[in-house]
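Report on the structure given below.
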Amino acid sequence: MLILMTGDATREDIQRVKDKIAALGFIAHEIVGASRVAVAITGNKTKVNPDLFSMMHGVEEAVPVTKPYKLVGRAAKPENSEIDVDGETIGGQELAIIAGPCSVENWDQLIATAEVVKDAGARFLRGGAFKPRTSPYAFQGIKEEGLALLREAKLKTGLKVITEAKDVETLPAVAEVADVIQIGARNMQNFSLLEAVGDLRKPVMLKRGISATIEELLMSAEYILARGNMNVILCERGIRTFEPYTRNTLDLNAIPVIKKLSHLPIIVDPSHGIGMWDGVSAMALAGIAAGADGLMIEVHPNPEAALSDGAQSLRPDRFRELMQRVRAVAAAVDRTVAVEIA
Ligand code: PEP
Ligand code: MN
């Protein structure tokens with residue numbers, strides 16, 4: 001059930017609705033939109049009678065929710081959510097460009113990458129410190145040391161940092177450094193981890209699971225919002241299909257579908273989506289044309305020597321070239337990109 005408040009409902013009106021929900025033994029979630037507040041009810045096992053709310057002062061309408069998710073849906077918030085990341089916005093008119101190495105390897109590699117991606121117009125530096133790898137023998141990341149290097153790079157460049165939280169145990173250390181906490185594809189349905197980031201108020205970028213449907217992705221996001229953290233950014237990073245030629249199949253259909261179903265921003269990750277550097281730019285541009293709110297691109301100063309995902313990482317000069325093309329496509333779909341620093 002969603003209680004849609006009128007545009008001129010007062011704080012007291014909203015509080016009375018929330019108190020009534022609490023008195024019924026349910027949970028109230030206030031969702032602040034541009035022109036009105038909606039209060040979603042969760043925790044109910046059976047249908048809630050709309051008449052209990054529709055007569056209350058300041059209530060426009062009490063509407064049942066037919067979708068399996070309530071808080072991430074457009075019905076709860078018709079306008080797009082803009083996520084504030086310590087002064088930068090994801091989901092606004094400016095595209096969010098997130099770039100950096102798959103894994104943080106050492107200071108020289110990280111700072112060299114950070115500086116080139118910043119100059120090219122990225123405002124977010126990515127880099128994995130804790131790496132969830134398919135093989136236990138593959139490089140697992142330099143862990144706490146990587147977090148310390150990310151902190152240094154953030155101080156030096158002013159870029160916001162996004163890095164992955166692999167498990168509940170290491171989440172506090174990650175959350176201390178990250179401006180955006182990444183939940184990887186392999187963890188999209190790690191419900192304990194989703195609840196743990198839901199208890200924080202830091203932005204979270206939730207990647208689509210390797211074989212997850214769009215609805216499953218939205219339900220995982222719902223776990224985070226249901227704990228009170230509304231700062232969620234979705235990420236399409238490709239799904240497993242019958243096609244083995246590319247690492248994954250980047251599902252660009254998901255972009256307009258998610259835009260229709262949800263108010264949350266969505267980022268495209270063409271690096272994992274296609275898995276080969278010479279296809280990354282084409283899919284990045286396609287993602288922007290499809291309506292994504294930004295890109296996450298793996299960049300490495302020397303991809304041949306990368307400790308993970310070198311085959312899909314762009315060299316700095318190729319990233320700069322891509323950004324110029326991104327600006328052209330962005331203009332065609334009424335979006336902007338940060339300017340290049342000469
Ligand atoms: C990554 O971003 O480096 C990563 C491991 O991605 P995914 O979880 O999408 O595989
Ligand atoms: Mn990677």
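The values are calculated or read from the model by the stated rules, or taken from the named source; none is laboratory data. Quantities reported herein were computed from a predicted structural model and do not represent experimental measurements. Neighbour counts run over all protein chains shown; Cβ positions are idealised from the backbone, glycine included. Each accessible area value is taken on the protein alone, full model and side chains, heavy atoms only, with ligands, DNA and RNA left out. Shrake-Rupley method; radii C 1.70, N 1.55, O 1.52, S 1.80 Å.
Key figures
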{"quantity": "Only one of Glu236, Glu243 that is in the same structural domain as Gly291 (by TED's automatic domain parsing) and within 16 Å of ligand 2 (Cβ to nearest atom)", "calculated": "Glu236"}
{"quantity": "Cβ pairs under 7 Å, 6+ apart, first in the stretch 199-218 and open to solvent by 50 Å² or more (accessible area, probe 1.4 Å), second away from ligand 1 (no atom under 16 Å from the Cβ) and charged (D, E, K, R)", "calculated": "Asp199/Arg227"}
{"quantity": "Cβ pairs under 6 Å, 6+ apart, first in the stretch 1-28 and without any contact (Cβ under 8 Å) to a residue 24 or more places away in the chain, second buried (at least 16 other Cβ atoms within 10 Å of the Cβ) and of a type in the set (D, E, K, R)", "calculated": "Ala28/Lys18"}
{"quantity": "Candidates Ala178, Ala114, filtered to the one that is closer than 23 Å to Val337 by Cα, within 14 Å of ligand 1 (Cβ to nearest atom) and either touching a residue at least 12 places away in the same chain (Cβ under 8 Å) or open to solvent by less than 20 Å² (accessible area, probe 1.4 Å) (or both)", "calculated": "Ala178"}
{"quantity": "The stretch 294-326 - residue that is among the basic types (Lys, Arg) and touching a residue at least 40 places away in the same chain (Cβ under 8 Å) and, of those, nearest to ligand 2 (Cβ to nearest atom)", "calculated": "Arg318"}
{"quantity": "Residue check, Ala284 of a type in the set (A, V, I, L, M, F, W, C) and within 16 Å of ligand 2 (Cβ to nearest atom)", "calculated": "yes"}
{"quantity": "Residues that are in a helix (DSSP H, G or I) and either over 14 Å from Ser103 (Cβ atoms) or within 19 Å of the chain's Cα centre (by Cα) (or both), drawn from the stretch 151-171", "calculated": "Arg151, Glu152, Lys154, Leu155, Lys156, Thr157, Leu171"}
{"quantity": "Meets criteria (within 16 Å of ligand 2 (Cβ to nearest atom) and over 14 Å from the mean Cα position of the chain (by Cα)) for Arg208", "calculated": "no"}
{"quantity": "First in the stretch 250-278 and under 16 Å from Thr213 (Cβ atoms) and open to solvent by less than 10 Å² (accessible area, probe 1.4 Å), second anywhere and within 12 Å of ligand 1 (Cβ to nearest atom) and of a type outside the set (A, V, I, L, M, F, W, C), Cβ under 6 Å, 6 or more apart", "calculated": "Ala254/Glu236"}
{"quantity": "Residue among Val197, Val174 that alone is more than 14 Å from ligand 2 (Cβ to nearest atom), at pLDDT 95 or above, within 15 Å of the chain's Cα centre (by Cα) and assigned to a helix (DSSP H, G or I)", "calculated": "Val197"}
{"quantity": "Number of the exception - Ala286 against (1) open to solvent by 50 Å² or more (accessible area, probe 1.4 Å); (2) assigned to a helix (DSSP H, G or I); (3) away from ligand 1 (no atom under 16 Å from the Cβ)", "calculated": "(1)"}
{"quantity": "Ile98 open to solvent by less than 50 Å² (accessible area, probe 1.4 Å) and part of a strand (DSSP E or B)", "calculated": "yes"}
{"quantity": "Search result, residues across the stretch 181-198 that are touching a residue at least 40 places away in the same chain (Cβ under 8 Å) and over 13 Å from Val232 (Cα atoms)", "calculated": "Gly184, Ala185, Arg186, Asn187"}
{"quantity": "Positions within the stretch 53-109 being in contact with a strand residue (DSSP E or B) (Cβ under 6 Å, 6 or more places away or on another chain) and free of Cβ contacts under 8 Å to residues at least 40 places away in the same chain, in sequence order", "calculated": "Ser54"}
{"quantity": "Residues of the stretch 262-278 that turn out to be assigned to a helix (DSSP H, G or I) and within 15 Å of ligand 2 (Cβ to nearest atom), as a count", "calculated": "6"}
{"quantity": "Any hit, the stretch 183-198, residues being basic (Lys, Arg), buried (at least 16 other Cβ atoms within 10 Å of the Cβ) and either closer than 19 Å to Phe130 by Cα or out of contact with any Gly (no Cβ under 7 Å at 6 or more places or on another chain) (or both)", "calculated": "no"}
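Conditions tested, residue by residue: (1) open to solvent by 60 Å² or more (accessible area, probe 1.4 Å); (2) assigned by TED's automatic domain parsing to the domain that holds Tyr223; (3) within 30 Å of Val48 (Cα to Cα).
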{"position": "Pro68", "(1), (2), (3)": "yes, no, yes"}
{"position": "Gly91", "(1), (2), (3)": "no, yes, no"}
{"position": "Asn106", "(1), (2), (3)": "yes, yes, no"}
{"position": "Ala120", "(1), (2), (3)": "no, yes, no"}
{"position": "Phe124", "(1), (2), (3)": "no, yes, no"}
{"position": "Tyr137", "(1), (2), (3)": "yes, yes, no"}
{"position": "Leu155", "(1), (2), (3)": "yes, yes, no"}
